[in-house]
Amino acid sequence: MAGRKTSDLWQDFRFLTKEMEKFLIKQDMQLFYDLLSQRERLQTIIDQTADDGYKDSPEGQRVLNEIQQDSQSVISKLQLRMCVSKRQHHVREAYSGGSPTVLSRMNWQR
């Protein structure tokens with residue numbers, strides 16, 4: 001990746017973000033985490049690369065806005081997945097006799 005243009009690096013970053021969202025929707029968490037790791041490594045490379053004014057250019061602003069929107073969508077989907085998982089965990093505990101207060105709390109939340 002060394003020697004690549006800043007614009008190409010940011011396009012790759014956006015691509016990884018979009019792919020993360022796809023695999024999150026498919027609930028393939030292993031690939032999601034692999035893509036997240038790749039994106040983190042790419043962020044390190046971007047931070048070490050001279051910007052050459054790309055982020056301030058109209059194209060750069062457009063790409064960064066798209067990345068921000070895509071990232072917000074990923075965050076929202078992760079929060080939803082966490083809530084669903086937490087609820088499933090509470091239901092599992094209630095039916096397995098893990099905690100009698102969990103079931104009563106669930107009834108109050110409905």
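Applying a threshold of 7 Å to beta carbon distances and a minimum spacing of six or more residues, or different chains, the list of pairs starting in region 68-86 at a residue that is within 22 Å of residue 15 (Cβ to Cβ) and ending at one that is among the polar types (S, T, N, Q) reads 70/17; 71/17; 74/17.
Counting only residues that are of a type in the set (A, V, I, L, M, F, W, C) and either within 12 Å of the chain's Cα centre (by Cα) or not in a helix (DSSP H, G or I) (or both), region 20-73 holds 11 of them.
Throughout, read-outs are computed from the coordinates displayed, never taken from laboratory work. Since we're looking at a predicted model, the values are computed, not measured. Note that we place each Cβ from the backbone using ideal geometry, even for glycine, and neighbour counts take in every protein chain shown.
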